[in-house]
Structure formats: C-alpha cells, structure tokens
2 protein chains.
Amino acid sequence: MTNQRIAAILRGGEPEETVTVQGWVRTKRELKEFAFVEVNDGSAMANLQVVINADLPDFENVLKQLNTGASLEVSGVLVASPAKGQRIELKASAVQVYGDADPQTYPLQKKRHSLEFLRTIAHLRPRTNTHGAVFRVRNACSAAIHQFFQERGFLWVHTPIIAASDCEGAGEMFAVTNFDLKNIPRNDSQEVDYAKDFFGKRAYLTVSGQLEAEIMAMAFGNVYTFGPTFRAENSNTSRHLAEFWMIEPEMAFCDLQGDMDLAEAFLKYIFKYVLDHCPEDMEFFNERIDQTVLATAENIINNQFERITYTEAIALLEKADKKFEFPVNWGLDLQSEHERYLAEELFQKPTIVSDYPVGIKAFYMRLNDDEKTVRAMDILAPKLGEIIGGSQREERLDVLQKRMEAQGMNQEELWWYLDLRRYGTVPHAGFGLGFERLVQFMTGMGNIRDVIPFPRAPLSIDF
Amino acid sequence: MTNQRIAAILRGGEPEETVTVQGWVRTKRELKEFAFVEVNDGSAMANLQVVINADLPDFENVLKQLNTGASLEVSGVLVASPAKGQRIELKASAVQVYGDADPQTYPLQKKRHSLEFLRTIAHLRPRTNTHGAVFRVRNACSAAIHQFFQERGFLWVHTPIIAASDCEGAGEMFAVTNFDLKNIPRNDSQEVDYAKDFFGKRAYLTVSGQLEAEIMAMAFGNVYTFGPTFRAENSNTSRHLAEFWMIEPEMAFCDLQGDMDLAEAFLKYIFKYVLDHCPEDMEFFNERIDQTVLATAENIINNQFERITYTEAIALLEKADKKFEFPVNWGLDLQSEHERYLAEELFQKPTIVSDYPVGIKAFYMRLNDDEKTVRAMDILAPKLGEIIGGSQREERLDVLQKRMEAQGMNQEELWWYLDLRRYGTVPHAGFGLGFERLVQFMTGMGNIRDVIPFPRAPLSIDF
C-alpha cells in the first residue's frame, strides 16, 4: 500500500497529479450528480475534499457507507478547487471503503462535543480537530526538545522509573510491589516484610530523575532526561496529573547564570519550532481555544527575559499599587498572583526570579554566601505562571551534609549522591519542567487532562 | 563559564588556538620539568593530553590534587603533539582544580575492574571507558530512533505507564498502589477493596503500549512509542530487566509487507547512524568487547534481509544437517538454536520469518485465510537472534472477538480496543523492540544490566 499524506498534498500537490490517499471521513455532502467527502488522515488539521461523481461504479452503495468516521482509500486526480479556502481537491476515480461507522452509534458526530465528554472516549477523541491539533503540537514539542539538546551535545539519559526512595521529598509516591495484596508477608515484629518483595526493599514510582541525572552529568558533562514521573496526590485540578512527563537537563561546569541562559534559549527554541512546524494547529488554538496563545508565544520568542532576585521581587511587590490576597513577606514563597503580577503587569515578558530563601527550597540547591538564600531560579511567563524551576546544585560536601542534617534526611540512603561531591565534584546546575504544563500553556488548553492521550488521575485509569 | 568540549577540540582544534576545557583526570604522569595529565569530559572516548610545565604557579600543590577522578578547568594553547596517536595536546597556562578524588578511597583507579564490580558503583561507572562508550552509543541510538520516525512523519505518542489491566497477557506485572500495605482495606466479602485505591481499581505497570498506540494510529496514521515497560519476572539472566525501554511503531493502512519493509529500513538506519556518529566507541567495542560487532552492523546495513514463512523455516530446519536440542515441528515455537541456524548458518544475514501458527501468537494478530497462521513476523539477526517482533493486527471485529473468546479474554475490559474495529477500522500493523536488547546487540555487551544506567532486576534497585 502507498501512503501519500494529505498534509503533503495540500501543501505541494499540483493539478493533474494522480494520487492515492487513505483516511477517515469527516463529513459528507450529497448532491444529485456528485458528492463531496472531506477526508482527514491526521497529518494535518485540514481535510482533503474528495469529489465523487455519480458515475463511479457502485456509487450509491459506496456513498451509503461513507459516513463520518468511516475509513477509505481514494485514488484519483488532483484538480484546482473552485471552493473557497482550498487550493486543490481530489476527483475520485476509485474508492475503497475499509470500515464504516454506524451514524446511530458512532459517538463523534459532527456536532460539538464538550471536552469533558471527549475524555470519556479518549480512544476516539484524537480524531477530533482539537485533539488532533493537541497531539500534533505535543509531538512537535517533543521533537523540538530532543533536537535542542542533541544539537548542543547533551546525552538523553534514561533515569529509573522504579526508585527505592523519595529522595527529594517531592510529595506522595505510588508504591510498586509484587506482593499479593491479600497476603502481605510480615516479619517477626509484624512489620511489612519488604525484604520478601521483588526488589528486597520498598519501591516507588519516581518523582524526579534529577539526582540520577547529576550522576550522568558528572561523567558526560551535559545530559537531559525526558521521561514519565508520578505523584500520588489526590488532586482533582485542571493542572495536576498522577502520571506526567518531565524534562530535566543537568550540566556540569555550569553555574546559575549558565542555567538561566540555557533555560531561556530552550523556551525560545521550543516555541519557535512549534510555530514553524504546526502553524495551522497553533492558529486553530488562537481562534478557538485561547486568543492569546500566539501573542504569548511571540512574547517568549522575541523578548529578552527579565532577571531579578527574589529579594528584588519582594521589594517590587511591596511597592505595587495592588492588593494581594496572600501577604508579601521576605521568606514566604511567591504565590501565583505575585508571579503573574511580575510577569504580566510589571515586566510584561518572561521573568526569571533567582536566589530564593533557603527555607522554601530543596536541600540540594547551592547556598549563597549570605547563607540566607540559595541559587535557585524560577521562570515566570505571562499568562502561564511558573513554567521552569531550576538551580545550581550544592557541590560542596560539607555544606550539603549540613543541609541534609538540618532537614532530617537519611544520608546513608543517598551515599552515592554524596560520593559525587567526594570524587571530582564540580559546579553544576539544571532545571526541570513538566511537559504537559508546557503543552497546556502552548495550546491554551484549560485542562491538563486534554493534552496527554490517556490521563491518569484519581479514579481515572481507563484505556 | 565556557564549555569547549574535548571531542570538538580533538577533531578540529588547531595549533596556537587558545582553549579552555573542563573535565576529569583519567591519569597523570609526572616528570621532572613537567607533567602530563589526561583529561576526559565525556564528550568522547579519547582524552585530551594536557602538559603542565613546572613553572606554573603553585605547580606542586596543583599536581598533588590532580589524581584520577579529580575535576579541573584548564586554559592554554593547543600545540601539535609529538606523541603517537594524538594530533594535538594542550599546553596549560592556568589550571583550576574543582574537586579532588582521594586515591586511597576513590574506587575507579587505573586498574581494570570487573563489570560485576562496576554494577555496585553505578554512580561512578559512567566515568569508565566502557560505560562512557555504552551510554554515548545508547544516546546516539535513541536520537537515531526519533530522527528515523520524525523524518517519516510519525508522531511520538506517550502511552500510559500505569495501566488498568494486563491486556496482552505478556507476563507478570508489578502492582501500583497507594494503599498502606500494613493496612489494606477489605470489602464485605473480605476481598481487597480496590475501589478504595487511588485509581479505584487494580493498577499495574504497563508491559506494552501497543494497544494504545493502535488508538493513536487510527487518528494520525503513523505513530510510535518510545518509553519504559516492565516485567515482574523473577529472571536473573543477562538478557532480562524488570524495567526497560521499548519502541513500538504502529501504522494505519499498512499490511505485513509494509511492516517488514519499515522494520528493515529502521534497523539499517539505526545501525548506520550509530556507526556514523560513534565510530571510536564502536571500534572500542569491536576491539575490547566483541570482535564481531562491526561485521554484524555491516551485515545488517548492507544485506537485503531474507524473508521466509514459518512453514518454509520449519521445512528448512527439518532438512538441516544438524542436531537440534529442541524438536522441530510445525506448530512449535522456534527456539534460539533454530533462529541462529537460519540467520547465522543458512542465510548468514538478517532473516524475517512470517506467518506463524495461530496457537503460539497473540490474540491481536491478523488471521490468515488458512485459519492456521497469523500475519506475524520476527526478525532474526546473525549473532543477535530475535531482535524485532511485529504483526499485522486483526482489524475485523468478528474475527477478533472470536479469538478473544477462544483465549478466554475479557472483552468488556477492552471495549475501546473493539471500538477501533467498530468505527472506521483499517488494515494496520506494527512492531516492537526492546531498546536495551538493541543496545546490547549493537555494543556486544554480554549483560543487559551494563547498557542501562541504573538496572532494575530482582533485589536490585540501588541508585
């Protein structure tokens, strides 16, 4: 079978060219002498209009089967289209129907469906305009991420999914076990006998690959992860998933300045790549979903990001002619309203806030000489809020140990992480971002469950 | 900080050029007037030789710290090297030591270490020649896979990691739960009350993304997965991991012929890409690990794969002038010895065996008209054995339902999979391959635990 994609035909097909396309019927319009069938193959938002003349053998029977959702192969000749908004159409000389779709039961009829309803048919929603565009953009975004890092000599490293401990304290974790849950073995002191489980100890789904990425950066210089991570939080919000993909670059011989430079270049690159590769899909989002997505993308691409310290941010917020719901106070974490004020109202462009108070940031972030702040940075984008979080890591063994001690962490469990500071330690830095949040921000989709094919959330595990 | 990579300097650096490099000491050789320090930064197998003259300020103190494993930054001028095997070396004008590595305790001293020992220090082994090469090849292989599919318009789709059921019956699965294992809720009939768990039903780690990839192929035509999969098998072999990455392309409007064509093109592309991008690493494997890896790669790249049916394969095996340990009999699965005989001895090139007996293959493979065989194919490679398994999928609702019934499968659980055959069904096909097996085969590494950064296996979950 051949596979001429409709995207390529719409872009470069010329009248009198013979083509064969395969796809699914979006709509059908029957006239007396002929019928118009809009065919989509997922390669583009746009359909190819197929004109079937009544003299096609078995015309009536074929047409009866060509309802929305039916699959077909059409051969014919391209002709200039008299219709508005399309350059060419396909005059069918042969039509083969592969599979029909009963209009009585096929759920995706032409009418508009709510995104909530479409979540219940996640196996069919990729066939809609909206989810077609979402998953094409999602793919372009993925491809851009790999290309960005590979061009710069970063190695893609696969950090473990099943992990032995919650090293980061990043939240509730799912347990992974091979136990028969009806019959959990106990040891002499009646505790769960994890020594008898598959891995011989408690196992969880990872919340971050950062610590292992640091291992790899200490050998290869520049690496990145791009893989699934998990949170067992009972959050039924439009911004939380139990299973999501994360990107975490880690660079040896890099300080916070270099980290910010890379993160800024990264965001500009990804947004530009997607605008270049999915212009129709992005226009669709701008028209139908959120009329600011193109402006937001242009803002990210074209502006040098503002860079301020947390301390400067607090001063600006205190001076702001605005009443905030949450108090502004040095030492407290910035709330969404503060972040949006800075990026949207004050600077009106992406803003990097750095050097946060040590008390509100993770143990591995490098302590500044003031001993009050750490070399952390968050990137806040207009409309989007916090989109990237990163830091220079604490490379000094004694300082790291003191901070772990202060937080009551188990140093024995992280013996290998401490070894990285014992042997050939170097200044290093990295950042992380949630992939679905990025796609959500990029497309303007209101609910994160609509930008991942099969969302996992509390009580939600279908498909 | 700047970041000039040693790989680029070794390739293109010219005498009299001023450079700054950062990396780790591999070895040090002290003479009276100067010292040689071999510096590696992970960008290449080869080290950059740094020459430090005794007139460098603080020479003795600096040199004392530059033991194997120490990290440093060196600035200086490139000069043509009088030494054999290297074009240029770096004459240091400034050396900054970032972190030392006590020769008394640093485990990676110059002597050779066993791969078994290195597994116990998986946080340091990426700094060895062997694992450096493995993980660079692994990255090149990953990049090649994405590039191959993206060039052909395939979408990378992220199929779920946490799954509700073992749809494929592919083996033992890990359970994922948010229960407190000390206190598992029971329902009225004293069964585990999964309704109270995070997802409201039993949840597992996925064994394959194929069925979900089929969903996406029915909207976008061509898609592929590249993600982690899991087996809770208690197998302590050199070819099994509990957590490994798989690649699973799925193509709508594609039959078994097209599937074989794509798989053959895929393997040729990946091997060629890695030979082109990691020539030194591949030569290292050929010299130190397995002296057939280059010949095997060339064989895959340069030969048109042989294609025979299972029935033909059985006839050839029965005719073979060879005593097999396992019986050869139509209906029995091919054993490793049979596969190796076909690919290594008989054809001496990659061999695709197709149309296996229905009894030994999965329910979703398309039934042939003989009703005895299915449209499955396995690719057998010399030295490697089975490296790819694929099939055309059963797209006919009634036939699929009959096969699920015959295998006692729960059709209600797979309602969405059956819907794909109800609405716009099309001929489609795909294949799968284990990523670590591919890297193992490519590099000649004997144990699969040595080609993934942090292997997960029974009782093995460190790092």
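Counting only residues that are open to solvent by less than 10 Å² (accessible area, probe 1.4 Å) and assigned to a helix (DSSP H, G or I), the stretch A:142-156 holds 5 of them.
Quick check on residue A:324: is it of a type in the set (Phe, Trp, Tyr), open to solvent by less than 30 Å² (accessible area, probe 1.4 Å) and closer than 23 Å to residue A:254 by Cβ?
Values: of a type in the set (Phe, Trp, Tyr): yes; open to solvent by less than 30 Å² (accessible area, probe 1.4 Å): yes; closer than 23 Å to residue A:254 by Cβ: no.
Judged against the criteria, residue A:324 is not a match.
Looking only at the stretch B:228-274, residues that are open to solvent by less than 30 Å² (accessible area, probe 1.4 Å) and part of a helix (DSSP H, G or I) come to 12 in all. If you filter the stretch B:104-126 down to residues that are facing another protein chain (nearest Cβ under 8 Å) and not aliphatic (A, V, I, L, M), you find that the one that is farthest from residue B:455 (Cα to Cα) is B:105. For residue A:179, the test of being hydrophobic (A, V, I, L, M, F, W, C) and closer than 20 Å to residue B:241 by Cα is passed. Among the candidates A:284, A:266, A:220, A:271, the residue that is within 13 Å of chain B (Cβ to nearest Cβ) and either touching a Lys or Arg at 6+ places or on another chain (Cβ under 9 Å) or within 23 Å of residue A:440 (Cα to Cα) (or both) is uniquely A:220.
Among the residues of the stretch B:414-427, which ones are in a loop (DSSP other than H, G, I, E, B) and not hydrophobic (A, V, I, L, M, F, W, C)?
Looking only at the stretch B:414-427, we keep the residues that are in a loop (DSSP other than H, G, I, E, B), and these are B:414, B:423-427.
Within the stretch B:414-427, B:423, B:424, B:425, B:427 qualify.
Out of A:348, A:335, one residue alone is within 26 Å of the chain's Cα centre (by Cα), in the same structural domain as residue A:263 (by the TED database) and on the phi > 0 side of the Ramachandran plot. It is A:348.
Here is a check on your reading of the model: is residue B:421 within 9 Å of chain A (Cβ to nearest Cβ), at pLDDT 95 or above and open to solvent by less than 20 Å² (accessible area, probe 1.4 Å)? Can you show your working first?
Details: within 9 Å of chain A (Cβ to nearest Cβ): yes; at pLDDT 95 or above: yes; open to solvent by less than 20 Å² (accessible area, probe 1.4 Å): yes.
The answer is yes for residue B:421.
The residue list A:147, A:86 contains one member that is more than 8 Å from chain B (Cβ to nearest Cβ), under 20 Å from the mean Cα position of the chain (by Cα) and of a type outside the set (A, V, I, L, M), which is A:147.
Residue check: residue B:296 meets all listed conditions (1) modelled with pLDDT under 95; (2) open to solvent by 80 Å² or more (accessible area, probe 1.4 Å); (3) in a helix (DSSP H, G or I) but one, namely (2). For the stretch B:448-463, the set of residues classified as open to solvent by 20 Å² or more (accessible area, probe 1.4 Å), farther than 14 Å from residue A:158 by Cα and either assigned by the TED database to the domain that holds residue B:293 or not in a loop (DSSP other than H, G, I, E, B) (or both) consists of B:460 only.
Within the stretch A:1-31, if we keep just the residues that are open to solvent by 80 Å² or more (accessible area, probe 1.4 Å) and not in a loop (DSSP other than H, G, I, E, B), the residue that is nearest to the other protein chains (Cβ to nearest Cβ) turns out to be A:11.
For the stretch A:36-43, the criterion of a residue being among the aromatic types (Phe, Trp, Tyr) and surrounded by fewer than 18 Cβ atoms within 10 Å (Cβ to Cβ) is satisfied by at least one position. Among the residues of the stretch B:223-245, the one identified as among the acidic types (Asp, Glu) and more than 7 Å from chain A (Cβ to nearest Cβ) is B:233. If you go through the stretch B:278-320 and keep only what is under 20 Å from the mean Cα position of the chain (by Cα) and among the hydroxyl-bearing types (Ser, Thr, Tyr), you end up with B:292, B:296. Say whether the condition of being within 14 Å of chain B (Cβ to nearest Cβ), β-branched (Val, Ile, Thr), in a loop (DSSP other than H, G, I, E, B) and crowded, with 20+ Cβ neighbours inside 10 Å is met by at least one residue in the stretch A:436-443. Looking through the stretch A:436-443, none of the residues is within 14 Å of chain B (Cβ to nearest Cβ), β-branched (Val, Ile, Thr), in a loop (DSSP other than H, G, I, E, B) and crowded, with 20+ Cβ neighbours inside 10 Å.
Just a yes or no: is a residue in the stretch B:329-345 more than 30 Å from residue B:444 (Cβ to Cβ) and charged (D, E, K, R)? No, there is no match, as no residue in the stretch B:329-345 is more than 30 Å from residue B:444 (Cβ to Cβ) and charged (D, E, K, R).
Only residues that are at pLDDT 95 or above, over 21 Å from residue B:37 (Cβ atoms), part of a loop (DSSP other than H, G, I, E, B) and open to solvent by less than 50 Å² (accessible area, probe 1.4 Å) were counted in the stretch B:95-122, giving 2.
Any chance you could count how many residues in the stretch A:180-227 are of a type outside the set (A, V, I, L, M, F, W, C) and assigned to a loop (DSSP other than H, G, I, E, B)?
Step one: list which residues in the stretch A:180-227 are of a type outside the set (A, V, I, L, M, F, W, C), which gives A:180, A:182-183, A:185-191, A:193-194, A:196-197, A:200-202, A:204, A:206, A:208-210, A:212, A:214, A:221-222, A:224-225, A:227.
Applying the additional criterion that residues be assigned to a loop (DSSP other than H, G, I, E, B) yields A:180, A:182-183, A:185, A:187-191, A:193, A:197, A:200-202, A:206, A:208-209, A:221.
Of the residues in that region, 18 qualify.
Scanning the stretch A:275-292 for residues that are closer than 18 Å to residue A:144 by Cα, in a helix (DSSP H, G or I) and open to solvent by less than 40 Å² (accessible area, probe 1.4 Å) returns A:275, A:281, A:282. Please go through the stretch A:123-137 and pick out each residue that is out of contact with any Asp or Glu (no Cβ under 8 Å at 6 or more places or on another chain) and not in a helix (DSSP H, G or I). If the condition is that a residue be out of contact with any Asp or Glu (no Cβ under 8 Å at 6 or more places or on another chain) and not in a helix (DSSP H, G or I), then A:128 is the only one that fits. Of all residue pairs spaced 6 or more apart or on separate chains, those with beta-carbon atoms under 9 Å, a first member in the stretch B:171-190 that is over 24 Å from residue B:230 (Cβ atoms) and a second member that is among the hydrophobic types (A, V, I, L, M, F, W, C) are B:182/A:184; B:182/A:192; B:185/B:179; B:185/B:192; B:185/B:195; B:186/B:192; B:187/B:195.
The values are calculated or read from the model by the stated rules, or taken from the named source; none is laboratory data. Please read all numbers here as calculations on a predicted model, not as lab measurements. Neighbour counts are summed over all protein chains in view; Cβ atoms, including those assigned to glycine, are modelled from backbone coordinates with ideal geometry. Each accessible area value is taken on the protein alone, full model and side chains, heavy atoms only, with ligands, DNA and RNA left out. Shrake-Rupley method; radii C 1.70, N 1.55, O 1.52, S 1.80 Å.
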